[in-house]
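Here is the structure we will look at, set down as structure tokens.
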Amino acid sequence: MRPDVFRDYLIDVAKNAPGVQRVQPLQEVGEERYPYGVAVTAAGRETRWQITGQLADGEKSENPATDVEGQPAAYTAGESGTSDAWLAGVIGAAESPQIAKLDVWSQREGNRTDHIGCTVFFHNTARAFVRKI
């Protein structure tokens, strides 16, 4: 899933998550530096996320993406209470058959405290990197 498509997917699944009041593309909140990203307002607090991506193995950007489906990622937010674990929980709860795995950066051993986000691994080998800004 390319970053623009993943952004739209994330907006769709996040707006239905418990406690979320609003989800918007970054451009709608005046953030022009990042072409793909979302602003999520939950529990009265806004968090902004930048989305970048890595193409699937052998894929060229000028060609359409090849979607591959499989077993959805088995991920639920842990007890850490970090914003990236929450976001990964929202993504995992949607059970997309295109998403193979989620890696939460704040839960990695030896992680930097300012390194907040997650990597979304797709079954077609593409990746989306969602970084808190």
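The values are calculated or read from the model by the stated rules, or taken from the named source; none is laboratory data. Just so it is clear, the model here is predicted, and its values are computed rather than measured. FYI the Cβ positions are ideal-geometry reconstructions off the backbone, even for glycines, and counts take in every protein chain you see. These area figures cover heavy atoms from the full protein model, side chains too; ligands, DNA and RNA do not enter into them. Shrake-Rupley method; radii C 1.70, N 1.55, O 1.52, S 1.80 Å.
Go through the stretch 55-64 and give me each residue that's open to solvent by 40 Å² or more (accessible area, probe 1.4 Å), at negative phi and not charged (D, E, K, R). Talk me through it step by step, then tell me what you get.
Restricting attention to the stretch 55-64, the residues satisfying the condition of being open to solvent by 40 Å² or more (accessible area, probe 1.4 Å) are 55, 57-58, 60-64.
Those still in the list that are at negative phi too: 55, 57, 60-64.
Matches in the stretch 55-64: Leu55, Ser61, Asn63, Pro64.
Out of all the residues in the stretch 59-76, is one or more without any contact (Cβ under 8 Å) to a residue 12 or more places away in the chain and in a helix (DSSP H, G or I)? Walk me through it before giving the result.
Step one: list which residues in the stretch 59-76 are without any contact (Cβ under 8 Å) to a residue 12 or more places away in the chain, which gives 60-64.
Subsequent filtering for residues that are in a helix (DSSP H, G or I) retains none.
Within the stretch 59-76, not a single residue is without any contact (Cβ under 8 Å) to a residue 12 or more places away in the chain and in a helix (DSSP H, G or I).
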Within the stretch 28-37, is there a residue that is assigned to a helix (DSSP H, G or I), open to solvent by less than 60 Å² (accessible area, probe 1.4 Å) and over 24 Å from Phe121 (Cβ atoms)?
-> yes
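Quick one: which residue in Thr125, Thr47, Thr52, Thr113 is touching an Asp or Glu at 6+ places or on another chain (Cβ under 8 Å), of a type in the set (Val, Ile, Thr) and either open to solvent by 50 Å² or more (accessible area, probe 1.4 Å) or in a strand (DSSP E or B) (or both)?
Numbers: Thr47 fails: touching an Asp or Glu at 6+ places or on another chain (Cβ under 8 Å); Thr52 fails: touching an Asp or Glu at 6+ places or on another chain (Cβ under 8 Å); Thr113 fails: touching an Asp or Glu at 6+ places or on another chain (Cβ under 8 Å).
Criteria check complete, one pass: Thr125.
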So Ala93, is it open to solvent by 60 Å² or more (accessible area, probe 1.4 Å), under 21 Å from Asp4 (Cα atoms) and in contact (Cβ under 8 Å) with a residue 60 or more places away in the chain = yes
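Looking at Ala85, Ala100, which one is of a type in the set (A, V, I, L, M), open to solvent by less than 50 Å² (accessible area, probe 1.4 Å), in contact (Cβ under 8 Å) with a residue 12 or more places away in the chain and farther than 20 Å from Asp12 by Cβ? Don't jump to the end; show me each part of the working.
Working: Ala100 fails: farther than 20 Å from Asp12 by Cβ.
The unique qualifying residue is Ala85.
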Which one of the conditions (1) over 18 Å from Cys118 (Cα atoms); (2) part of a helix (DSSP H, G or I); (3) modelled with pLDDT under 95 does Ser106 fail to meet, given that it meets all the rest?
-> (1)
Might you let me know whether the stretch 4-20 holds any residue that is assigned to a helix (DSSP H, G or I), touching a residue at least 24 places away in the same chain (Cβ under 8 Å), under 16 Å from Arg131 (Cβ atoms) and open to solvent by 80 Å² or more (accessible area, probe 1.4 Å)?
-> no
